[in-house]
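K.L.:
Please read through the structure below; I'll follow up with questions.
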Amino acid sequence: MNQLPLYIDHKEILKRYRTIDSHTHKGIQGHVLIIGGSYGKIGAVCLSSKAALKSGCGLVTAYIPKCGYNILQTAIPEVMVLTDNQERYISEISFDIIPQAIGIGPGLGQEVVTQKAFYKFLEQNSFPLVVDADALNILSKNKEWIFLLPAKTIITPHPKEFERLIGKWTSEEEKINLAKLFSIKYNLIIVMKDAPTRIIDNDKIYQNTTGNAALATAGSGDVLTGIITSLLAQSYEPIDAAIIGVYLHGLTADIALPETGYQSFIASDIILNIGKAFLSLEK
């Protein structure tokens, strides 16, 4: 017998959402590290980093190849930047900061040297983690590395990325069952980006109720990674960070739709409307 999903609606979010302490400061509001970018794909890190800042964390640092330094410092002056030794891609992941959460994968690329750097990072990392985009594609080529992910790591695959990880399915029911088995085997939280988006945590299924077709646009997933990583850095439990992040992400598109329509909505519009989405939780 298939388990019915728990629907993620406004009432469910309010059970999990915490208002900001009026006496907080940036040093205790959470430090996010976003790792990613390669030549031609620095925009992905810009989107993730800005989304993280706009979702309430106190500090954001981006770790990128050298080619993205001027771009990121100019595009988002509030974000701190660390650069790899290589110009066009990441070859070594080394940092001396202590983040509360890390998002890795946006725009990362799949160079052989980048894959090796990712493996070394996984061997040494103990920080809460969100894994997206090319980091997922690298894992799909090296499935034994998945065991290196910390417990309750959040992965955020779109359907094609998920297929590379778990193989093909013939029905929605089979996909959900494969996702449950995958989550249990590796002790991961899976954000299955689709319409609707579902979150799998072992044998539990959560189904989002916000969002619309406007979200089918380049960079939308990079923004979601930033939002979820930010919530994780603010000490939300991983499942709550995933649930609240997915809900807010979808809600921005619902808020913006009357002004943008489906066609003109872009990933930056998600970031523009995150504030309004948060305000809806404060009422």
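K.L.:
Quick one: in the range 188-233, which of the residues that are hydrophobic (A, V, I, L, M, F, W, C) and in a loop (DSSP other than H, G, I, E, B) is nearest to Thr252 (Cα to Cα)? It would help to see each step written out before you state the result.
P.N.:
Taking the range 188-233 first, the residues hydrophobic (A, V, I, L, M, F, W, C) are 188-192, 195, 199-200, 205, 213-216, 218, 223-224, 227-228, 231-233.
Checking which are in a loop (DSSP other than H, G, I, E, B) leaves us with 188, 195, 216, 218.
Values: Leu188: 26, Ala195: 15, Ala216: 13, Ala218: 15 Å.
Applying the filter and picking the extreme gives Ala216.
K.L.:
Please go through the range 223-240 and give me each residue that is of a type in the set (Gly, Ala, Ser) and under 18 Å from Ser126 (Cα atoms), ordered by number. Steps first, answer last, please.
P.N.:
Initially, the range 223-240 is screened for residues of a type in the set (Gly, Ala, Ser), giving 226, 230, 233, 235.
Across the range 223-240, the qualifying residues are Ser230, Ala233, Ser235.
K.L.:
Which of the numbered conditions does Phe182 fail, given that it passes all the others? Conditions: (1) closer than 25 Å to Ile20 by Cβ; (2) surrounded by fewer than 24 Cβ atoms within 10 Å (Cβ to Cβ).
P.N.:
Condition not satisfied by Phe182: (1).
K.L.:
Given the options Thr170, Thr114, Thr156, name the one that is under 20 Å from Leu224 (Cα atoms) and β-branched (Val, Ile, Thr).
P.N.:
Thr156
K.L.:
Then there is this: Could you pull out the residue among Leu59, Leu4, Leu82 that is farther than 19 Å from Leu224 by Cβ, at pLDDT below 95, out of contact with any Leu (no Cβ under 6 Å at 6 or more places or on another chain) and among the hydrophobic types (A, V, I, L, M, F, W, C)?
P.N.:
On the way: Leu59 fails: at pLDDT below 95; Leu82 fails: at pLDDT below 95.
Residue meeting the stated conditions: Leu4.
K.L.:
Return the only residue of Lys175, Lys160 being farther than 26 Å from Val32 by Cα, assigned to a helix (DSSP H, G or I) and touching a Phe, Trp or Tyr at 6+ places or on another chain (Cβ under 9 Å). Lay out the reasoning, then the answer.
P.N.:
On the way: Lys160 fails: touching a Phe, Trp or Tyr at 6+ places or on another chain (Cβ under 9 Å).
Within the list Lys175, Lys160, the selection yields Lys175.
K.L.:
For residues in the range 234-273 being acidic (Asp, Glu) and either outside any helix (DSSP H, G or I) or touching a helix residue (DSSP H, G or I) at 6+ places or on another chain (Cβ under 8 Å) (or both), which is surrounded by the fewest Cβ atoms within 10 Å (Cβ to Cβ)? Show your work before the answer.
P.N.:
Going residue by residue through the range 234-273, those that are acidic (Asp, Glu) are 237, 240, 254, 259, 269.
Among the residues that remain, those that are also either outside any helix (DSSP H, G or I) or touching a helix residue (DSSP H, G or I) at 6+ places or on another chain (Cβ under 8 Å) (or both) are: 237, 240, 269.
Numbers: Glu237: 14, Asp240: 17, Asp269: 21.
Per the criteria, the residue is Glu237.
K.L.:
Also: Kindly evaluate Ile199 against the criterion of being surrounded by 14 or more Cβ atoms within 10 Å (Cβ to Cβ), among the hydrophobic types (A, V, I, L, M, F, W, C), in contact (Cβ under 8 Å) with a residue 40 or more places away in the chain and within 18 Å of Ile228 (Cα to Cα). Spell out the reasoning first.
P.N.:
On the way: surrounded by 14 or more Cβ atoms within 10 Å (Cβ to Cβ): yes; among the hydrophobic types (A, V, I, L, M, F, W, C): yes; in contact (Cβ under 8 Å) with a residue 40 or more places away in the chain: yes; within 18 Å of Ile228 (Cα to Cα): yes.
For Ile199, the condition - surrounded by 14 or more Cβ atoms within 10 Å (Cβ to Cβ), among the hydrophobic types (A, V, I, L, M, F, W, C), in contact (Cβ under 8 Å) with a residue 40 or more places away in the chain and within 18 Å of Ile228 (Cα to Cα) - is met.
K.L.:
Quickly run through the range 126-157 and pick out the residues that are part of a helix (DSSP H, G or I), farther than 20 Å from Gly245 by Cα and not hydroxyl-bearing (Ser, Thr, Tyr). First the steps, then the outcome.
P.N.:
Of all residues in the range 126-157, those part of a helix (DSSP H, G or I) come to 133-141, 143-148.
Going one step further and asking which of them are farther than 20 Å from Gly245 by Cα, we end up with 134, 137-141, 143-148.
The answer is Asp134, Asn137, Ile138, Leu139, Lys141, Lys143, Glu144, Trp145, Ile146, Phe147, Leu148.
K.L.:
Glu123 fails exactly one of the following numbered conditions: (1) in a loop (DSSP other than H, G, I, E, B); (2) touching a helix residue (DSSP H, G or I) at 6+ places or on another chain (Cβ under 8 Å). What is the number of that condition?
P.N.:
(1)
K.L.:
What are the residues in the range 99-117 that are at positive phi and crowded, with 24+ Cβ neighbours inside 10 Å, if any?
P.N.:
Filtering the range 99-117 for residues at positive phi gives 105, 107, 109.
Selection gives Gly105, Gly107.
K.L.:
Would you pick out the residues in the range 73-125 that are of a type in the set (Gly, Ala, Ser), under 25 Å from Val191 (Cβ atoms) and touching a Lys or Arg at 6+ places or on another chain (Cβ under 9 Å)?
P.N.:
Restricting attention to the range 73-125, the residues satisfying the condition of being of a type in the set (Gly, Ala, Ser) are 75, 91, 94, 101, 103, 105, 107, 109, 117.
Still in the list and also under 25 Å from Val191 (Cβ atoms): 101, 103, 105, 107, 109, 117.
Gly107, Gly109, listed by residue number.
K.L.:
Looking only at the range 29-61, which residues are in contact with a strand residue (DSSP E or B) (Cβ under 6 Å, 6 or more places away or on another chain) and closer than 22 Å to Thr217 by Cβ?
P.N.:
Step one: list which residues in the range 29-61 are in contact with a strand residue (DSSP E or B) (Cβ under 6 Å, 6 or more places away or on another chain), which gives 31-35, 37, 45, 48-49, 52-53, 57, 59-61.
Of everything in the range 29-61, those that are in contact with a strand residue (DSSP E or B) (Cβ under 6 Å, 6 or more places away or on another chain) and closer than 22 Å to Thr217 by Cβ turn out to be Ile34, Gly37, Val45, Ser48, Ser49, Ala52, Leu53.
The values are calculated or read from the model by the stated rules, or taken from the named source; none is laboratory data. Given the structure is predicted, the values throughout are model-derived calculations rather than measurements. Note: ideal-geometry Cβ built from the backbone for every residue, glycine included; neighbour counts use all protein chains shown.
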